[in-house]
1. Is there a residue in the range 286-304 that is of a type in the set (D, E, K, R), without any contact (Cβ under 8 Å) to a residue 24 or more places away in the chain and away from the ligand (no atom under 16 Å from the Cβ)?
2. Among the listed residues Pro280, Pro349, Pro323, identify the single one that is farther than 23 Å from Asp390 by Cα, touching a helix residue (DSSP H, G or I) at 6+ places or on another chain (Cβ under 8 Å) and part of a loop (DSSP other than H, G, I, E, B).
3. Output the residues belonging to the range 311-321 that are within 11 Å of the ligand (Cβ to nearest atom) and under 22 Å from the mean Cα position of the chain (by Cα).
4. Condition first: surrounded by 23 or more Cβ atoms within 10 Å (Cβ to Cβ) and hydrophobic (A, V, I, L, M, F, W, C). Now tell me which residues in the range 221-241 satisfy that.
5. Being modelled with pLDDT of 95 or more, within 16 Å of the ligand (Cβ to nearest atom) and assigned to a strand (DSSP E or B): is that true of Val45 here?
6. Which residues, counting only those in the range 49-72, are more than 16 Å from the chain's Cα centre (by Cα) and either within 16 Å of the ligand (Cβ to nearest atom) or farther than 25 Å from Leu5 by Cα (or both)?
7. Show the residue pairs meeting these rules: Cβ distance below 7 Å; 6+ apart or different chains; first residue within the range 173-201 and over 20 Å from Ala126 (Cβ atoms) and touching a residue at least 60 places away in the same chain (Cβ under 8 Å); second residue surrounded by 20 or more Cβ atoms within 10 Å (Cβ to Cβ) and among the charged types (D, E, K, R).
Amino acid sequence: MAKVLIKGGRVIDPANKRDGRFDILIDRGKIADIQPSIPANGSKVIDADGKLVAPGFVDLHTHLREPGREDKETVESGCRAAAKGGFTTVCAMPNTSPAIDHRGAADFVHQEGRRVGLASVRTIGALTKGRQGKELTDFGELFDAGCVALSDDGNVLADGMLMRRALEYAKTFERPIIQHAEDPALAAGGVMHEGIVSVTLGLRGMPAQAESVIVSRDLALAELTGGWIHFAHLSSAISVELVRQAKRRGVHVTCEVTPHHLALTHEAIGEFNTHAKVNPPLRTEEDRLALLEGLRDGTIDCIATDHAPHTDWEKDAEFDAAPFGISGLETALGVCVEALIKPGLLTWPQLVERLSTAPARIAGLEAGTLSVGAEADLTVLDPSAQWTVDPKRFVSKGRHSPFAGRVLTGVVLRTLYRGVEADG
Ligand code: DOR
């Protein structure tokens, strides 16, 4: 395997507090050296002059749909989308068919990830058997199989006693329980945020409190047990404030936000645009601003895509019938640049920290860094190039995005996984 030299880029590595012009030498899939100048000596040279070089992004929340719904996505197509978006690690959610609630299913997804070889594929095991919310899975077996966390994502774990036990049980493994915070009764039948837009369109809404009452309960349970709660895709101002206060009290809580919740509001649904139908729903401008501030001040730890691909026939149905979900891996960087870099809310090192370093830490992975000796998982970005989102050109099988037609800034030029180009 020839050595690779990435030359002259602005290297941003928050884990090592590095931000400057460096050359990176890659040898046998690992980062061999980082210096202001390294001679080529026969290495394959990638010219990164004027570009950013960052640790590959780590997605804590990806729906790869395998096993069971290969018409929506496969490990392979999802990994191609990841590479195109600058991601070198994806954590696959267990709402598959069958659910990733036992070792065999986790092993299958991990093996498939290794076979494809375009990104590190990890799994989040199911919290309850069949994701039915009734009986906890065998946590020891799932963590032993390599799951990085446990969640019934797509469904809330509504039973407070089971959540208490889950937090206690997961604590012994020092791993988080990821909650999809949604009170089933308050959200029942809802297809979008409950507010002026849902009333105007005549659609049933889900109030922000459907999320925040579960956030509040689970923070109390994390406090009671000392367990680690991680909230998926936070969407409301009230939830952000609850987490902020809990962190001040020392509760073991982390949380994520999606690019679409940072960039859009319920207005994006316009005239029944199912491509903006997502759960939790896009909410108000006040909520969006609170999410931005939460991410800026550290209340929200990281960005996760909630990449949720669906088929055309499902998504292009009437609004009530269409499934929730946005194909997010390929637009994540551009949306984050629009929502965070352009308004001056985050610097590039801060954005890279929230896309790479922080999610790797939460997943307990040795990723999200460009340390010498680390796997050469990295992405080369053009921070100022513009492109127009055309979902028909997505490599994901899910070609639905509320950003269709939008001009975004920030292009992923190359993604290297274990030192080899993995671009979609
Ligand atoms: O929009 C969503 N899509 N939210 C979820 O919680 C599940 C996901 C999916 O699996 O399609």
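The values are calculated or read from the model by the stated rules, or taken from the named source; none is laboratory data. Here the structure is a predicted model, which is why all the values come from computation and not from measurement. Cβ sites come from the backbone with ideal geometry, for glycine too, and all protein chains shown count toward neighbours.
1. Within the range 286-304 (the criterion being of a type in the set (D, E, K, R), without any contact (Cβ under 8 Å) to a residue 24 or more places away in the chain and away from the ligand (no atom under 16 Å from the Cβ)), the answer is no, since none of the residues qualifies.
2. Working: Pro349 fails: part of a loop (DSSP other than H, G, I, E, B); Pro323 fails: farther than 23 Å from Asp390 by Cα.
The unique qualifying residue is Pro280.
3. The one that is within 11 Å of the ligand (Cβ to nearest atom) and under 22 Å from the mean Cα position of the chain (by Cα): Lys315.
4. Selection gives Ala222, Ile229, Phe231, Ala232, Leu234, Val240.
5. So Val45 fails the test.
6. Scanning the range 49-72 gives Glu66, Pro67, Gly68, Arg69, Glu70, Asp71, Lys72.
7. Sorted first by the residue in the range 173-201, then by its partner, the pairs are Val191/Lys277; Met192/Lys277; His193/Arg283.
Rundown of residues vs (1) closer than 22 Å to Ile326 by Cβ; (2) not small (Gly, Ala, Ser), yes/no style:
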residue: Ala208; (1), (2): yes, no
residue: Val213; (1), (2): no, yes
residue: Asp218; (1), (2): no, yes
residue: Thr225; (1), (2): no, yes
residue: His233; (1), (2): yes, yes
residue: Val240; (1), (2): yes, yes
residue: Ala246; (1), (2): no, no
residue: Cys255; (1), (2): yes, yes
residue: Leu262; (1), (2): yes, yes
